[in-house]
1. Residues in region 371-414, backbone N under 17 Å from the label point at ASP500 (7 Å along the Cα-to-beta-carbon vector): list them, ranges by number please.
2. Just to verify a number: FRET efficiency for THR279 and ARG148, C-beta to C-beta distance, R0 = 25 Å, to 0.05?
3. Please find the FRET efficiency linking VAL110 to LEU438, where r is the Cβ-Cβ separation and R0 is fixed at 30 Å, and quote it to the nearest 0.05.
4. What is the order of ARG45, ARG484, fewest Cβ neighbours within 10 Å to most?
5. When the helix-only estimate is applied to the chain (DSSP H runs of n ≥ 4, each -39,500 (n - 2.57), divided by the residue count), what is the mean residue ellipticity at 222 nm, nearest 500 deg cm²/dmol?
6. Show the residues, 5+ positions off or on another chain, whose built amide H is closer than 5 Å to the amide H of ILE417.
7. With each label point set 7 Å from Cα along the Cα-Cβ vector, what nm distance links ARG254 and LYS405?
8. Find out how many positive minus negative residues lie around LYS130, taking Lys and Arg as positive, Asp and Glu as negative, among other residues whose Cβ is under 13 Å from that of LYS130.
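Every number here is computed from the coordinates shown, using simple stated rules; none is lab data. Every value quoted in this text rests on a predicted model; they were computed, and no experiment measured them. Here the Cβ positions follow ideal geometry from the backbone for every residue, glycine too, while neighbour counts run over all protein chains shown.
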Amino acid sequence: MDVIVAAPPVITPSEPPSGAFLLAAGLRARGIEAGFLDLSLAFFRHIFGSAPSGRGMPDVASALRYLEENEAYTPQGHRTASGTLNSAMGNFSRLFPGWRLTLMDASPPVPVHDPHGVAVLCEGGETPFKGFWNEYLLPVLERHKPSRVFISISYLSQLAAGIELAGYLRTRGFDFLVGGSLPNSLSRTGNGFRLLKEVIPETVTGDGSEVLGAESRERMLDRLDWPLMIRDWDYISGRPVIPFALTTGCYWNRCLFCPDSDWQLEVFGEEVLSRFLDTVPSELMERRPILHFIDSAVPPGPLRRALPFLEERGLDFYTFARPEPWLPGMARDLSSAGCLMLQMGVESGSRTLLDRYCKGIDPDDSLRALRSCAEEGIRTYAYMLLGLPGESEEDIGSSLELLTKAGDSLDFINLSIFNLPEHCRLVSMAAEFGIELLDPPESEDCIRLYRPFLYRGRNPRVPARRRIADGFSSIPSVARALRRTPRWFRTSHFPMMQVDGRRS
Ligand code: SF4
């Protein structure tokens with residue numbers, strides 16, 4: 001085999017990690033024998049497969065049955081099953097003092113932001129991954145004999161295992177590279193790429209197209225074929241969820257605190273989607289897959305042009321869309337083409353606050369978008385952002401009013417607290433906005449995507465946290481949406497949650 005593209009643990013076991021999966025698909029479409037290996041999924045299966053059973057132990061087998069054999073979940077059923085699997089992760093973690101593993105995270109007993117510390121830890125002692133490399137990974141590498149391994153790291157939750165995996169491959173003489181969205185973000189807009197590179201000199205940035213040769217100008221996502229799957233498709237999900245990107249970057253690209261503002265919009269034609277769909281294995285197509293468009297904010301044009309392809313093949317999908325004036329008018333077409341859910345960056349009900357940070361969203365449009373989608377049977381997932389510098393009680397009141405008016409149009413909700421990206425336009429204009437940038441509490445030598453700040457001498461994150469507990473959660477529709485919103489498996493399972501009046 002030419003290449004194995006591998007994603008280290010821990011990343012959600014409900015759908016393929018998009019970075020590694022799409023890179024393997026891109027290489028495959030160019031005739032490169034590229035295998036996709038989700039080591040995180042294999043790691044979860046390894047833990048669940050050996051979890052002790054019996055009295056007082058989590059019933060892992062029943063939990064897996066519930067999540068794998070149902071195409072629709074109830075909030076209670078999902079909570080119980082995912083809680084059971086998470087308890088099994090907790091029990092496994094206890095074998096490795098100081099480590100904490102969940103369905104979405106792996107924290108070592110040293111700060112994960114310190115790659116040198118993590119590397120020393122992994123070299124020195126027992127870790128949750130050490131046995132797994134020998135038991136599972138080594139036989140795979142010996143069987144497939146890849147000329148090169150790509151390790152794709154998207155989240156901090158994969159960093160400890162990624163560092164250990166790099167050391168493991170190096171000592172055994174495998175040729176490998178490390179890349180992915182985490183190293184890309186650290187080098188573009190964060191802090192600490194240099195540190196990562198010191199620990200893993202094989203770290204590179206980019207979308208992987210350097211493998212295609214210096215003279216190639218083609219973007220990796222211009223051609224995608226179903227990758228060679230090194231293990232069976234055994235994701236923990238009632239329906240297969242397949243990641244895909246219609247675009248990268250963002251067509252709005254003006255929000256002042258966006259960490260990706262230097263990332264220009266790239267659109268991949270619908271023929272890329274059509275070609276890719278033609279290569280999805282028929283046994284997977286028979287299981288009613290759901291396409292997960294991972295775009296930061298899908299523009300109306302590419303989305304509309306993709307609809308006939310989706311409708312023709314009877315494929316369901318979900319994606320992230322900005323709640324703009326075009327959305328209500330498209331809701332019916334989206335629904336009939338198979339849209340099960342839209343994630344929407346509503347962020348605030350205050351026009352003043354949204355304008356101040358150049359969000360380009362109007363709260364009335366957000367309300368209309370939520371209502372129209374719900375009317376057409378599309379699940380809605382609203383992302384609210386609290387604790388923006390300068391957010392007043394009046395602004396919070398406007399957000400509460402918006403959510404109250406949205407009522408049962410609101411299916412899922414994320415109440416998050418503002419983090420200031422390490423590098424963004426707002427940081428360069430901090431003083432103008434009354435923001436005082438603080439030195440990070442850790443030493444400079446750490447990986448960091450965000451930086452601490454004060455607004456007029458205060459940290460707005462503190463009252464925001466309080467308001468979530470005492471204001472937002474007491475609105476009945478918000479409370480219902482919070483109870484319905486799954487805590488684990490990221491968004492993969494959301495389109496399968498049963499919600500009255502929404503399509504399935
Ligand atoms: S909509 Fe999102 S991705 Fe686009 S500019 Fe704003 S924050 Fe960035």
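1. Only 374-380, 406-412 pass the distance filter.
2. Working: r = 23 Å, r/R0 = 0.92.
So, using R0 = 25 Å, E works out to roughly 0.60.
3. Numbers: r = 24 Å, r/R0 = 0.78.
Efficiency at R0 = 30 Å is approximately 0.80.
4. Working: ARG45 17, ARG484 21.
Ascending number of Cβ neighbours within 10 Å: ARG45, ARG484.
5. Numbers: 19 runs with 192 residues, N = 504.
That comes out to -11000 deg cm²/dmol.
6. Amide H neighbours of ILE417, under 5 Å, 5+ apart: LEU386.
7. 2.2 nm
8. Details: positive: none; negative: GLU123, GLU126, GLU135, GLU164.
Net local charge, LYS130 excluded: -4.
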